[in-house]
Amino acid sequence: MTNTDTLLSDSEVAALAKRVDRPVVLVGMMGVGKSTVGRKLSSLLHLPFADADEAIEEAAQMSVNEIFEKYGEDYFRDGERRVIARLVGEKPSVIATGGGAFCNDETRALILDKAIAVWLDCDTQTLVERVSRKDTRPLLRGGDPMEIITRLKAEREPFYSQAPIHVVSETGPHNQAVMRILKGIDEWL
Ligand code: S3P
């Protein structure tokens, strides 16, 4: 078995980048660091980066919060599915998805069919600390973050676990998670 914490050399990363023939899609809970890790991964692989939530906001000309408030979660999920379908249909890239995207049956089927899905995971306490720093998440509004995150994590794990690559990110810098993802892709391809 590969030691997931040794570094890949620059030439190994370059060789891997050449083999990546479809989008790499990061899935997992809010607060796990999909956007930060996705940006680092995309720069190492020399691939474009897309954040699905940002793409939805751009298409709707509204924030995620406003979409939830005005039109509700089902409408958001439908827009999310269409935006992700467009992103995975383009040339290889790294895509960070919102925490609920992979729990939608159609969106999940699309990602599993067209992309390399990576479940980025970490412990509940770390998620709660990270999500408490921002007020941009409608599902956390007016509730206890620990209670909501614990419940959502338990409900969603059966979906996330369908991703072929599972990487646990520790607290602290995200470089280790990025390396583990590269190794996961290397073994899976
Ligand atoms: C959501 C997570 C958010 C965003 C929306 C819904 C969720 O994205 O898509 O608030 O259902 O978990 P992040 O995972 O980037 O926070």
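The values are calculated or read from the model by the stated rules, or taken from the named source; none is laboratory data. For clarity, every value in this text was computed on a predicted model and none was experimentally measured. Neighbour counts are summed over all protein chains in view; Cβ atoms, including those assigned to glycine, are modelled from backbone coordinates with ideal geometry. For accessibility, only protein heavy atoms count, side chains too; no ligands or nucleic acids. Shrake-Rupley method; radii C 1.70, N 1.55, O 1.52, S 1.80 Å.
Could the peptides 164-172, 11-19 be put in order, highest first, of the mean number of other beta-carbon atoms found within 10 Å of their residues?
Per-residue mean Cβ counts within 10 Å order the peptides as 164-172, 11-19.
Of G28, G142, G72, which is the most mobile in a GNM of the chain whose springs link Cα atoms less than 10 angstrom apart?
Maximum among the listed residues: G142.
Give me the accessible area per residue for the chain, probe 1.4 Å, as a whole number in Å².
Averaged over the residues of the chain, the accessible area is 50 Å².
For the range 40-109, what mean projected area does the convex hull of the alpha carbons give, in nm²?
For the Cα atoms of the range 40-109, the hull's average projected area reads 4.8 nm².
At each listed q (0.13 Å⁻¹), what is the log10 of I(q)/I(0) that the Debye formula gives for the range 108-177 modelled as equal alpha-carbon point scatterers?
Each listed q maps to, in turn, -0.46.
Keeping the other protein chains in place, figure out the carbon and sulfur percent of the accessible area of the chain, with a 1.4 Å probe.
50 percent
Find the eigenvalues of the gyration tensor of the Cα atoms of the range 1-150, then list the square roots of 5 times those eigenvalues as equivalent ellipsoid semi-axes, largest first, in whole angstrom.
After scaling each eigenvalue by five and taking roots: 27, 20, 13 Å.
Would you list F102, F68 from the most to the least accessible area, probe 1.4 Å?
Correct descending sequence by accessible area is F68, F102.
Roughly how big is the chain's charge dipole about its Cα centre, with Cβ charges of +1 (Lys, Arg) and -1 (Asp, Glu), in debye to the nearest 20?
320 debye
At 1.4 Å probe size, put D78, D121 in order of accessible surface, largest to smallest.
Largest accessible area first, the residues go D78, D121.
Just to make sure I understand: if all protein chains stay in place, what is the order of E54, E80 by accessible area at 1.4 Å, largest first?
Largest accessible area first, the list is E54, E80.
Positive end of the charge dipole of the chain (Lys, Arg +1 and Asp, Glu -1 on Cβ, about the Cα centre): tell me which of I149, T136, G38 has its Cα farthest that way.
G38
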